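Trainee: First the structure, which I've put down as structure tokens, then a few questions once you've had a look.
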Amino acid sequence: MTRVVALGGGHGLAASLSALRHVCDDITAIVTVADDGGSSGRLRQEFGVLPPGDLRMALSALCAESDWGHQWRDVLQHRFSGDGPLGGHALGNLLILALWDLDPEPVYGLDLVGRLLNARGRVLPMAAVPLDITAQVALDPDRLDLCTEIRGQDGVAKTSGHVRSVALIPPDPPAHPEAISALAQADWIIFGPGSWFTSVLPHLLVPKLRQALVASPARRLLTLNLEMNTLETRGFSAVRHIETLREHAPDLRLDIVLADPTIVDDVAALEEAVAGLGARLVIADVSNPRTPGAHDPLRLAAAYRDVFGD
């Protein structure tokens, strides 16, 4: 049985999990805990808990392929409308919060929600405490060396400037011990896709988590995004994504970098950048032709299956 650990957050991690559940049964998601916007941000501020939104999305992506699993996935994802106290909250966020109120160990509550969904794997937070992301951002495109600091995941994700680097507060947060254990036992570790500076790279900034990533005997695969030019990565190419990964974690080595052909403008340059991480470039059609910028779960699953079988 292939044991896979997938790291990320938000829609990107949900995409990889939706694909992985088609090709393996032993899946662990390690999820960023730095969200400070929307429902998660409100609950984090009011109750001092880990932001539950990305954890909820990961659990929903792992739901059983059954009427029961799909129904409870839809319940968890249901978001209340209106301007009242419940307006904007996802019901799953409130359910997770209630479980944490009964037992402060976050994994206990997440495992219970996973049982409710008959989930095909487990969901773990990457750190035991809520985190803040800070970014060095160049507001003048002609002066990329002149940076200002922006604090908060929501602010970094929406900045109009050019993100140059990110860091975490606190700088040495406690990694969740079950996340460390999962990495040590994995056969494959999957990074991405996802918001580059706020969902993918933060995992490499938790010192003990990064040490576990580097030391793990698992093979490592990076799934590149389908959209290069986002608010976080304005003007980025696929090569620049690889370069920022090396800048934030120079000791990390990969085995495979998976890219859709639509984002590869210079195969030789990308192969050279990928080789700098010790990896091999795999180009495969993994996008959804009906939804621009979104991965197709079955195509991505097929690409993962082929790589795992090598």
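Trainee: If ligands, DNA and RNA are left out, what is the accessible area of E243 with a 1.4 Å probe, given in Å² to the nearest 10?
Mentor: 80 Å²
Trainee: Quick one: how many Å² of W188 are accessible to a 1.4 Å probe, rounded to 10?
Mentor: The value for W188 is about 10 Å².
Trainee: How big is the gap, in Å, between the Cα center of the stretch 89-103 and the Cα center of the stretch 144-216?
Mentor: 25 Å
Trainee: Report the gain in length on full extension from D172 to M1: 0.36 nm times residue separation, minus Cα-Cα distance, nm rounded to one decimal.
Mentor: Result for the pair: 58.2 nm of gain on full extension.
Trainee: State the antiparallel share, in %, of DSSP beta bridges confined to the chain, rounding to the nearest 5.
Mentor: 35 percent
Trainee: Compute the distance in nm between two label points, each set 7 Å from the Cα along the Cα-to-Cβ direction, one at V75 and one at D251.
Mentor: It works out to 4.5 nm between the two label points.
Trainee: What is the gain in length, in nm to one decimal, between R234 and R151 on full extension, counting 0.36 nm per residue of separation less the C-alpha to C-alpha distance?
Mentor: Full extension of this stretch gives 28.0 nm more.
Trainee: Additional query: Given a 1.4 angstrom probe, what's the average accessible area per residue across the stretch 242-304, in square angstrom?
Mentor: On a per-residue basis, the stretch 242-304 sits at 47 Å².
Trainee: Picking from G10, F47, F308, whose Cα lies most toward the positive end of the charge dipole for the chain (charges on Cβ: Lys, Arg +1; Asp, Glu -1)?
Mentor: About the Cα centre, the residue reaching furthest to the positive side is F308.
The values are calculated or read from the model by the stated rules, or taken from the named source; none is laboratory data. Just so we're clear, the structure is a prediction, and the values are computed from it rather than from any experiment. Virtual Cβ from ideal backbone geometry, glycine too; neighbours counted across all protein chains shown. Each accessible area value is taken on the protein alone, full model and side chains, heavy atoms only, with ligands, DNA and RNA left out. Shrake-Rupley method; radii C 1.70, N 1.55, O 1.52, S 1.80 Å.
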